[in-house]
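J.: Below you'll find the structure I mean.
The values are calculated or read from the model by the stated rules, or taken from the named source; none is laboratory data. What you are looking at is a predicted structure, and each value in this text was computed from that prediction instead of being measured. We place every Cβ from the backbone using ideal geometry, glycine too, and count neighbours over all the protein chains shown.
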Ligand code: UDP
Ligand code: MG
């Protein structure tokens with residue numbers, strides 16, 4: 001029989017693990033004629049009782065496994081660790097808070113049987129989410145899709161079901177700065193999407209603040225497009241041309257009506273303008289250089305402190 005690996009990143013989720021496992025057991029029963037399930041919970045440096053809950057669950061059921069990081073490395077690293085350790089013929093990644101409905105799995109599996117390699121999911125709506133957050137999310141997808149060759153579906157979740165082949169391809173991308181939404185799309189393969197109504201978390205709280213999401217979306221831009229570098233180049237060109245125009249104007253004025261001590265204000269304005277653009281461009285360049293710096297250091301994305309998997 002074929003095996004399905006379920007990868008679940010957990011950060012301070014002591015309250016949600018039990019309801020999640022309960023919901024999954026039902027699905028496991030529904031699908032048990034076709035698939036064996038394997039769970040890989042990744043404890044991403046939680047400061048609550050997440051690890052204790054995972055250990056006791058792993059003791060009570062032998063297809064439940066956990067990896068526990070030495071500190072919080074972020075969801076991207078947790079996903080990577082889970083995908084690396086997964087041994088299934090099919091692999092799915094899910095949030096533990098039940099915002100990714102387990103009931104969709106049989107439907108997703110049917111799509112795989114139809115011949116798709118990746119079955120993704122997206123939310124039809126964002127009911128229950130702060131309007132400002134929805135607004136910025138929409139903006140992000142509009143912008144990134146207009147400047148990047150890698151298409152990202154609006155509202156798409158990380159929740160997806162993939163074949164072994166897709167996961168092996170994703171794992172061949174060795175970059176340290178990982179933006180999974182982009183990576184899963186970049187590898188290609190036949191992809192289809194299933195939509196569902198937005199849900200609220202069963203318990204606990206989201207670990208994403210407005211600022212962490214903003215930083216995350218900037219990450220998407222820098223990793224998947226050169227648009228920001230183009231802005232830097234364009235603003236450099238514009239300020240260069242306008243300064244040439246300014247110089248010509250000054251020379252002509254000197255030759256015709258003579259020089260003037262007036263114009264101090266316009267001088268200062270121009271200096272500030274050009275200086276500002278230079279700083280902006282330096283900042284953007286710096287951002288890319290810092291990414292290169294991180295990549296060349298080749299630091300591991302995570303350290304596993306404890307696990308019940310044998311090597
Ligand atoms: N998560 C993680 N590491 C982090 C932050 C989050 O592993 O640093 C996990 C979290 O436990 C959950 C999933 O990523 O399973 C999504 O997080 P959350 O529900 O907080 O995000 P939201 O659904 O609000 O986007
Ligand atoms: Mg959530």
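J.: Enumerate the helices (runs of 4 or more DSSP H) found wholly within the stretch 168-273, keeping only those where 3 or more residues are surrounded by 15 or more Cβ atoms within 10 Å (Cβ to Cβ) and either modelled with pLDDT of 80 or more or within 16 Å of ligand 2 (Cβ to nearest atom) (or both). Quick ask: steps written out before the conclusion?
T.: Numbers: elements: 180-186, 210-224, 227-256.
Result: 180-186, 210-224.
J.: Which one of 37, 20, 73 is surrounded by 18 or more Cβ atoms within 10 Å (Cβ to Cβ) and part of a loop (DSSP other than H, G, I, E, B)?
T.: Working: 37 fails: part of a loop (DSSP other than H, G, I, E, B); 20 fails: part of a loop (DSSP other than H, G, I, E, B).
Answer to the check: 73.
A quick yes/no check of all residues on (1) within 16 Å of ligand 2 (Cβ to nearest atom); (2) assigned to a helix (DSSP H, G or I); (3) out of contact with any helix residue (DSSP H, G or I) (no Cβ under 9 Å at 6 or more places or on another chain); (4) modelled with pLDDT of 95 or more:
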site: 95; (1), (2), (3), (4): yes, no, no, no
site: 103; (1), (2), (3), (4): no, yes, no, no
site: 107; (1), (2), (3), (4): no, yes, yes, no
site: 132; (1), (2), (3), (4): no, yes, no, no
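Yes or no, residue by residue, for (1) away from ligand 1 (no atom under 16 Å from the Cβ); (2) over 30 Å from residue 304 (Cα atoms); (3) touching a strand residue (DSSP E or B) at 6+ places or on another chain (Cβ under 6 Å):
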{"residue": "82", "(1), (2), (3)": "no, no, yes"}
{"residue": "87", "(1), (2), (3)": "yes, no, no"}
{"residue": "90", "(1), (2), (3)": "yes, no, yes"}
{"residue": "130", "(1), (2), (3)": "no, yes, no"}
{"residue": "138", "(1), (2), (3)": "no, yes, no"}
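Residues checked against (1) within 16 Å of ligand 2 (Cβ to nearest atom); (2) in a strand (DSSP E or B); (3) closer than 23 Å to residue 104 by Cα:
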| residue | (1), (2), (3) |
| --- | --- |
| 3 | no, yes, yes |
| 27 | no, no, yes |
| 51 | no, no, no |
| 56 | no, no, no |
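J.: What do you reckon, is residue 36 at pLDDT 90 or above and either farther than 27 Å from residue 1 by Cβ or touching a strand residue (DSSP E or B) at 6+ places or on another chain (Cβ under 9 Å) (or both)?
T.: In short, yes.
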